[in-house]
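In what follows, a single structure is set out as structure tokens and then discussed.
The values are calculated or read from the model by the stated rules, or taken from the named source; none is laboratory data. A quick note: this is a predicted structure, and the numbers were derived from the prediction, not measured. Positions of Cβ are generated from backbone atoms using ideal geometry, with glycine treated the same way; all protein chains shown enter the neighbour counts. Calculation scope for accessible area: heavy atoms of the full protein, side chains included, ligands and nucleic acids excluded. Shrake-Rupley method; radii C 1.70, N 1.55, O 1.52, S 1.80 Å.
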Amino acid sequence: MNTPHKPSMLWMLLSLVIGVSCTKNVSLTRLAPAEISIPSHVQRLLIVDRTEPESQGFAIIEGILTGEAPFEVKNAIETTLATIQQELNTSPRYEVIRARGRLKGGLFSQTFPQPLIWSQIESLCASYDADAVLALEKFSSDFIVTDKKALIKKTVGTGKEAKEIEVDGIYAEGVASVQVGFRFYDPVNRNIADQIDFNKTNLWSAEAETRTQALALMIDKVRATQVVGQMAGASYARRVAPMYLTVSRSFFPKSKTNPALGHGARLAEVNQWEQAIDTWIKGLDAPNDEKTAGKLAYNIAIGYEVLGNLVLAQEWAGKAYTNYGFKKGRSYALNLTQQIMADELVRRQLAVE
């Protein structure tokens, strides 16, 4: 039986099938919609660093109070902006460019500076042939290390004589955090399309017999701040652009009563998904118990999802449940309904005026 297969460009096959005990897995990549929709006339996006201190003296004083050297923060800011640019470049939504230099703004600040005036935004867009400006407008960070006495494990002896014992030691934790603020300026509509704070934290730990040894094993402050800056940059990219993500699906590889299930699975393993679907559909014509028929219908749904046809995938997942009582089909059908809605939103977000 030949059924038309209409792939969606929002879905792509990522990896080969990997065998597990009762099912086999296939990984897919798809475009997830952005958290907010930016007007479609914005195609060429300029990224601006607006974190230059109002005065060098102010930056030095603030650095002393916070324990942060301005050059350390500048490196973290650069990492944050580089991450935003890299992440946005993986999305088909924008062409992304970086502005040269820095504008005065909110280094070490807990609040947003006054918005840039529209003549500045229009001048920046004209200089870089951009449609909109994404500005990092405030940035502050912190790194706190604590330690406490603890029993730690230590290997003593060598070879066959080696054994693990517990000794008194030090357990240290380092927590890095950043607070960053972004504004998205749309000069066509003369509005701020987005303004948001991001707070990101991450924890590292190390243990050793002495505090000095434990701290030596800990990530250093500069690198820790860069890591959480990267996390903030990646989070903001997902907010304003559809981004690729990986999902894993499981299908059934064999049946004691119907060889079509296993035959189709082997075709799927070598990426012959259309032939696999045809094999599973033909397998439904044979006498089957409800469980085997449900697995066949469920596998057919997986096959259509791999090929990018979510409508047929949702239809067959629903059949697995409604026709054959296969419970996994119900949750899968609901999941696919949500994916169809998400794909439609992605299409609208990628539409060009």
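For the reader, a short list of remarks on this structure follows.
- Evaluation of Ile121 against (1) in contact with a Leu (Cβ under 8 Å, 6 or more places away or on another chain); (2) of a type outside the set (Phe, Trp, Tyr); (3) crowded, with 19+ Cβ neighbours inside 10 Å (one fails), failing number: (1)
- Test: residue in segment 208-216 that is touching a residue at least 12 places away in the same chain (Cβ under 8 Å), among the β-branched types (Val, Ile, Thr), on the phi < 0 side of the Ramachandran plot and open to solvent by 40 Å² or more (accessible area, probe 1.4 Å): yes
- Taking the numbered list (1) more than 15 Å from Ile47 (Cβ to Cβ); (2) touching an Asp or Glu at 6+ places or on another chain (Cβ under 9 Å) in turn, Lys160 passes all entries but (2).
- Among residues of segment 266-281 that are aromatic (Phe, Trp, Tyr), those with a beta-carbon under 9 Å from a residue that is open to solvent by 20 Å² or more (accessible area, probe 1.4 Å) and not in a helix (DSSP H, G or I) at least six positions away or on a different chain give the pairs Trp273/His5; Trp273/Leu13; Trp273/Leu307.
One line per residue, one yes/no per condition, for (1) closer than 30 Å to Lys153 by Cα; (2) assigned to a strand (DSSP E or B):
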{"residue": "Gly181", "(1), (2)": "no, yes"}
{"residue": "Asp194", "(1), (2)": "no, yes"}
{"residue": "Lys200", "(1), (2)": "no, yes"}
{"residue": "Ala216", "(1), (2)": "yes, no"}
{"residue": "Ala224", "(1), (2)": "yes, no"}
{"residue": "Met231", "(1), (2)": "no, no"}
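- For segment 132-156, residues that are touching a Lys or Arg at 6+ places or on another chain (Cβ under 8 Å) and open to solvent by 50 Å² or more (accessible area, probe 1.4 Å) total 2.
- Failed item, numbered, when Lys200 is tested on (1) over 30 Å from Glu35 (Cβ atoms); (2) touching a helix residue (DSSP H, G or I) at 6+ places or on another chain (Cβ under 9 Å); (3) of a type in the set (D, E, K, R): (1)
- Cβ-Cβ distances below 7 Å connect the following pairs, each with a first residue in segment 74-91 that is farther than 18 Å from Ala135 by Cβ, a second residue that is crowded, with 17+ Cβ neighbours inside 10 Å and small (Gly, Ala, Ser), and a separation of six or more residues or different chains: Ser91/Ala241.
- Complete set of residues in segment 99-110 that are open to solvent by 50 Å² or more (accessible area, probe 1.4 Å) and either under 15 Å from Ala193 (Cα atoms) or without any contact (Cβ under 8 Å) to a residue 60 or more places away in the chain (or both): Arg100, Gly101, Arg102, Leu103, Lys104
- Within segment 178-204, the set of residues being at pLDDT 95 or above and among the polar types (S, T, N, Q) comprises Asn189, Asn191, Gln195, Thr201, Asn202.
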